[in-house]
Amino acid sequence: MKKLVMQLEQLTCPTCVKKIETVLEKTEGVETSTVLFNSSKVKISYNEEEVTPKELNRKIMNLGYDVLSMKE
Amino acid sequence: MKYKNQITALSFILILTGILAGNAGMEAARNIALVTATVIASIPIGMKAFQSLRMKAFSIELLVIIAVVGALYIQEYMESSVVTFLFLFGAYLEARTLEKTRSSLKNLLDMAPQEAMVVRDGESMLVSVDDIEEGETLLIRSGGKVAVDGTILSGEASFNEAAITGESVPVTKGKGEKLFSGSLLDHGYVEMIAEKVGEDTTFSKIIELVEEAQEAKSKAARFLDKFAQIYTPGVVVLSVLVYLITRNLHIAITFLVVACPGALVIGAPVSNVAGIGNGAKNGVLVKGGEVMDRLSKVDTLVFDKTGTLTKGKPEVSSIRTFLGMGENELLELTASVESASEHHLGQTIVKEALKRNIQIHGDLENLLVEKGRGISAKLKEKNIIVGNRKLMAQHDIVIDRDVEEEALRGEKQGNTVVFAAVDGRVRGLFFIKDQIREDAFSSLKELRASGIRQIIMLTGDNRHTAELVAKELELDAYHAELLPKDKLDFVEKLKKEGNVVLMAGDGINDAPAIATADIGLAMGDGGTDVALETADLVLLGDNFRQLTHAYSLAKATVRNMKQNIWFAVGVVALLLAGVLFGRIHLAEGMFIHEASVILVIVNAMRLVKYRRKNLTVESEKNMENLMDIKVSS
């Protein structure tokens, strides 16, 4: 199990939180995900054999949020 | 959406064109411009609405899209374009102002070091903080940041530790002293050894705690979140009802738009975020909105004595000499002998000598340490015996009557007395005391003025010392000679009597009582791990002014939150009434709605800058004093 922290662009609507969390939790290999609304960060713990940080990054980009940086 | 700002601007231009065309009587051109404005502005809104819908989340965007489609259907082009424009523009303003309320956290993050000079294979090189490993040696020069937690190997420098403690007055540190990541080296040069790196540093932990605290919602905020989930679909149902009753599509659509819960949903959390951010900037960690809420209701303060009301570091409070001995001469002899001892009372005497720049000699002979009694040695052909009464008796030293009287007097004042005999006679007494913090009295007074009803001290120390401290600080009550379990029972009793209790301790032996109290407060140097984890409230700068700040900040934050909630509820109620009585139309409804969202954020922003007024005056005075010292030295 690995941990990943992504810094997103400034989040402004509380509904984005739910949106991002739902999408991530439906993703194969993602154990838990938490969106920190005020600091605009996503914390994910995932199984590195099933999913890569790159794929997770793409998922969030597809939802319409820019990922500014990632930290494992 | 990358082009959101451009789209907003374009839709604004199109609306202006439409209005001008309309005034010039070009009906067709007006409609084309307005419909185009509506359509482009609807693209980003529609995408968001669609994405949320896919996640089965009911979003505000969806309400707006339904309303816009409705407005287009009844050919109210002006209304539809203005609504979409205002929605986008409002979101833009919201983001800008939200950024301000979150700015204190961002300021903290900006203080995080990025790279550091590390010695590897005998050469110094610049590396990213993520690559530094435990045990490596770091070099820090003037203007440099400390990138890890660790200990100074050599050198001396003054550091600004504001990122950790909230104190901007620089502190001087030298060999063997601890450094925290995030501190700024003001001037000087040091080499340090890394002990905690990356996520393990105190600074990283503080950032993480603040981030999580800002997410931890208060009861009010959690309630509003749930409320919004029911409220939003509820509004749709209601507006359908409005349509069925009035048969007026226009009113129904307006109702739909103005009933959006924007200000209501954002009002409470935004106050908390600003309040917690303000605390973090001033060295006060408040762990979440819930804690903020409870802290504002505290009416009873319970202190453990040592380390909270007192400094927790005993000091020599005064020295008495006899038989013509000089004070500094006595100190020189005694401190030299005590420098060989590790006893904490002995260390205070050594510290006092260092403070007075008195030389300490290492050439001791016949050194003998007596556990629980004291120490004796020969120095400069003199026999020196330092310790308690038992040690004097053991060496058959008679304590003269005037010396004994002085000693008793000192003990009654709460001192521990150390006897110093030179060549067979007691020639000096050292009075050692755990001093009360300088800012304790004035801060407790301020706390009372802000709403604290009673202040109680619990201590494991003896009755005598406890009484003195309680009297000096004008406490309401004190209980001495307690065990940790007794403290816990006492806190429970106070809670049962209906008091809201804040328990302050140094975080280690008081942990059970801290955990039981409504608010557990840990005071301690630079935030120890235990303190950071068990307490609800942590004072990183280890001073009382931060406690008064935290208390009044909590009151201000809760007040601010209430203002926001009442304001938002009021606006929605007025708007809905206005719509039902046909006084408010779509565009102005949207405008008032967006304005109310911005207003609650702006109101919360006041908390970012919040300071107690008399505090500012005081700290300015302190600054002036500091300047004076600098000038005169």
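The values are calculated or read from the model by the stated rules, or taken from the named source; none is laboratory data. Since the model is a prediction, treat every value here as computed from it, not as a measurement. Note that each Cβ is placed from the backbone with ideal geometry, even for glycine, and that neighbours are counted across all protein chains shown. The area values use the complete protein model at the heavy-atom level, side chains included, leaving out ligands, DNA and RNA. Shrake-Rupley method; radii C 1.70, N 1.55, O 1.52, S 1.80 Å.
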>> Among the listed residues B:Met47, B:Met26, B:Met78, B:Met1, identify the single one that is within 40 Å of the chain's Cα centre (by Cα) and at pLDDT 80 or above.
In response: B:Met47
> Name the pairs: first residue in the stretch A:28-44 and within 12 Å of chain B (Cβ to nearest Cβ), second residue assigned to a loop (DSSP other than H, G, I, E, B) and open to solvent by 30 Å² or more (accessible area, probe 1.4 Å), Cβ to Cβ under 8 Å, at least 6 apart or on different chains?
Replying inline: A:Ser40/A:Glu9; A:Ser40/A:Gln10
>> I'd like to know if the stretch A:8-18 contains one or more residues that are among the acidic types (Asp, Glu) and either surrounded by 19 or more Cβ atoms within 10 Å (Cβ to Cβ) or at pLDDT below 85 (or both).
In response: yes
> With B:Met117, B:Met111 as the choices, which residue is in contact with a helix residue (DSSP H, G or I) (Cβ under 8 Å, 6 or more places away or on another chain), surrounded by fewer than 21 Cβ atoms within 10 Å (Cβ to Cβ), away from chain A (no Cβ under 14 Å) and closer than 30 Å to B:Lys281 by Cα?
Replying inline: B:Met111
>> I want to confirm something. Restricting to the stretch B:2-52 and keeping residues that are assigned to a loop (DSSP other than H, G, I, E, B) and open to solvent by 80 Å² or more (accessible area, probe 1.4 Å), which single residue is nearest to the other protein chains (Cβ to nearest Cβ)?
In response: B:Lys2
> Applying the selection to the stretch A:25-35, what residues are buried (at least 19 other Cβ atoms within 10 Å of the Cβ) and either under 11 Å from A:Lys59 (Cβ atoms) or at pLDDT below 85 (or both)?
Replying inline: A:Val30, A:Ser33
> Quick one: what pairs do we get from the stretch B:66-95, first residue outside any helix (DSSP H, G or I), second buried (at least 24 other Cβ atoms within 10 Å of the Cβ), C-beta under 6 Å, 6+ apart or different chains?
Replying inline: none
>> Out of everything in the stretch B:425-465 that is at pLDDT below 85 and hydroxyl-bearing (Ser, Thr, Tyr), what residue ends up being farthest from B:Asp304 (Cα to Cα)?
In response: B:Thr465
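Do you know which residues across the stretch B:304-322 are in a loop (DSSP other than H, G, I, E, B) and either in contact with a strand residue (DSSP E or B) (Cβ under 8 Å, 6 or more places away or on another chain) or crowded, with 18+ Cβ neighbours inside 10 Å (or both)?
Initial filter on the stretch B:304-322 (in a loop (DSSP other than H, G, I, E, B)): B:311-314, B:322.
Selection gives B:Lys311, B:Gly312, B:Pro314, B:Phe322.
Those residues that are over 15 Å from B:Leu539 (Cα atoms) and at pLDDT 80 or above, I need them from the stretch B:495-514; list them, please. Step through it out loud before you land on a result.
The first filter runs over the stretch B:495-514 and keeps only residues over 15 Å from B:Leu539 (Cα atoms), leaving B:495-501, B:509-513.
Passing the criteria: B:Lys495, B:Lys496, B:Glu497, B:Gly498, B:Asn499, B:Val500, B:Val501, B:Ala513.
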> Which condition does B:Ile253 not pass, out of (1) closer than 23 Å to B:Tyr610 by Cβ; (2) buried (at least 22 other Cβ atoms within 10 Å of the Cβ), if it passes all the others?
Replying inline: (1)
>> Take the residues in the stretch A:1-23 that are out of contact with any helix residue (DSSP H, G or I) (no Cβ under 6 Å at 6 or more places or on another chain) and more than 11 Å from every other protein chain (Cβ to nearest Cβ); name whichever of them is farthest from B:Leu98 (Cα to Cα).
In response: A:Met1
>> Residues to consider are B:Asn366, B:Asn357; find the one that is outside any loop (DSSP other than H, G, I, E, B), open to solvent by 30 Å² or more (accessible area, probe 1.4 Å) and at positive phi.
In response: B:Asn366
